[in-house]
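K.L.:
Encoded as structure tokens, here's the structure I'll be asking about.
The values are calculated or read from the model by the stated rules, or taken from the named source; none is laboratory data. These numbers come from a predicted model, not from an experiment. Cβ atoms come from the backbone with ideal geometry, glycine included; neighbour counts cover every protein chain shown.
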There are 2 protein chains.
Amino acid sequence: MNKILNIVPEIPLFNGLPENQLDAIKEIAVEKQFNKGEIIFSEGDDGQGFFVIAEGRVKIYKVSTDGKEQILHIFGRGQPFGEVPVFAGQKFPANAQAIENIKTLFFPRTAFIHLISGNPSLALNMLAVLSRKLRQFTVQIENLSLKEIPARLASYLVYLADQQENEESIELTISKGQLASILGTIPETLSRIFAKLSGQGLIRVDGRKITLLDRNSLEDLAQYGKETG
Amino acid sequence: MNKILNIVPEIPLFNGLPENQLDAIKEIAVEKQFNKGEIIFSEGDDGQGFFVIAEGRVKIYKVSTDGKEQILHIFGRGQPFGEVPVFAGQKFPANAQAIENIKTLFFPRTAFIHLISGNPSLALNMLAVLSRKLRQFTVQIENLSLKEIPARLASYLVYLADQQENEESIELTISKGQLASILGTIPETLSRIFAKLSGQGLIRVDGRKITLLDRNSLEDLAQYGKETG
């Protein structure tokens, strides 16, 4: 059996599906590989299907005309991307770029819609995937519009600690430049805020490892925009 | 037959479904009415089901701790809201308030999931609804993070003209205070920008009616952040 296709049973989107349906999914999947830096699709391209990552990470982003970039998501192993046009029947609303060498499975639109039509569990899984993305966007919109950047960073660190199920320290999985873009700022400002939070004894930064020294104060900062410590 | 239930065949989410399935949908629907100003649900509440509007309009919004409000959506007749927890199985990610007296149909989570499990067309319609909301959020995130406020306003006016299928003039369907919140600004700034665009001959404002005098320049402004006119 092929190596990339081996990931199918581990993909959360296909959770709980019986063997014969996993086989049907493997049959329509097309393996696609991209080199680090390669553009997978651009905003406005026709969406002929969506991707699931088997290896590596992908950045989904918008670019303003003066070249400023806003990252919407960073996706990794097992996560789908580019599915909006599959169901809304239009063009990709953002750009996708490989930030590492990546291996993906591509699911052509028509074949996948045919599969989902005969498979309510797959439909419900896909509804859960889209709903979680909507939830994440509401958090991102709140962060962009309502919070100052230190509060955005604190919010992101607490979020990452929950994601990584580690109360005490986290591993930053993206570059600081990418994190700055996600938080709607520039790397220089982000560095100053990291230094400020370190100086206040809230965090300790060792390369990509960040120790949360005072999680309560970080949570206060995330929620109220100020530290209590 | 009951008056509110009469809207079921007109709801885009239920487009193309046969009569017996529309009947099944009517059977699980619960009529709920809310007065203008009433909170329908708050962020963090358990989502026991979602709503479709039969009459009136609803505001979906986030509030920061200092009381600043960010509107995520304004929904009207025929549009669903509050469906994220139905599929992602968690809490409402934002607040919903009736901005007029409204009539809704409420669809309880368990009964609706049961329906969708036996009805692939309904599942695909719901996937399209969520995908369109994701698309709209990517535009809103782009606007918040990448565009200046005049560009955001121009983008909104062009969007509204397309929505209302009228090249020459549009009817503003929300208050200017609400529009300011959507665009991430305050009413005073928005008024100045309306005046600026009027002075430049791009638009003419008569109360809630806005005539697009120079759509090309508005599109340039929306896209490039500057007027060519």
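K.L.:
Pick from B:I25, B:I74, B:I40: which is away from chain A (no Cβ under 14 Å), under 17 Å from B:L105 (Cβ atoms) and not in a helix (DSSP H, G or I)?
P.N.:
Unique residue meeting the criteria: B:I40.
K.L.:
Please go through the stretch B:199-215 and pick out each residue that is at pLDDT 90 or above and of a type outside the set (K, R). Steps first, answer last, please.
P.N.:
Going through the stretch B:199-215, the residues at pLDDT 90 or above turn out to be B:199-206, B:209-215.
If the condition is that a residue be at pLDDT 90 or above and of a type outside the set (K, R), then B:G199, B:Q200, B:G201, B:L202, B:I203, B:V205, B:D206, B:I210, B:T211, B:L212, B:L213, B:D214 are the ones that fit.
K.L.:
For the structure I just gave you, tell me whether B:F87 is within 9 Å of chain A (Cβ to nearest Cβ) and either not hydroxyl-bearing (S, T, Y) or not in a loop (DSSP other than H, G, I, E, B) (or both).
P.N.:
Details: within 9 Å of chain A (Cβ to nearest Cβ): yes; either not hydroxyl-bearing (S, T, Y) or not in a loop (DSSP other than H, G, I, E, B) (or both): yes.
So B:F87 fits the description; yes.
K.L.:
Moving on to the next point. How many of the residues in the stretch B:96-110 are buried (at least 16 other Cβ atoms within 10 Å of the Cβ) and either assigned to a helix (DSSP H, G or I) or within 14 Å of another protein chain (Cβ to nearest Cβ) (or both)?
P.N.:
3
K.L.:
Kindly indicate the residue of the stretch B:114-146 that is within 7 Å of chain A (Cβ to nearest Cβ) and hydroxyl-bearing (S, T, Y) and also nearest to A:S64 (Cα to Cα) among those meeting that condition.
P.N.:
B:S145
K.L.:
Go over the candidates A:A128, A:A123 one by one and state the one that is out of contact with any Lys or Arg (no Cβ under 9 Å at 6 or more places or on another chain), farther than 19 Å from A:G76 by Cα and modelled with pLDDT of 90 or more. Walk me through how you get there before you give the answer.
P.N.:
Numbers: A:A128 fails: farther than 19 Å from A:G76 by Cα.
Step by step, each of A:A128, A:A123 is checked, and only A:A123 is out of contact with any Lys or Arg (no Cβ under 9 Å at 6 or more places or on another chain), farther than 19 Å from A:G76 by Cα and modelled with pLDDT of 90 or more.
K.L.:
Take the stretch A:16-43 and flag every residue that is under 23 Å from the mean Cα position of the chain (by Cα) and not aliphatic (A, V, I, L, M).
P.N.:
Once the filter is applied, which keeps residues that are under 23 Å from the mean Cα position of the chain (by Cα) and not aliphatic (A, V, I, L, M), the stretch A:16-43 yields A:G16, A:E31, A:K32, A:Q33, A:F34, A:N35, A:K36, A:G37, A:E38, A:F41, A:S42, A:E43.
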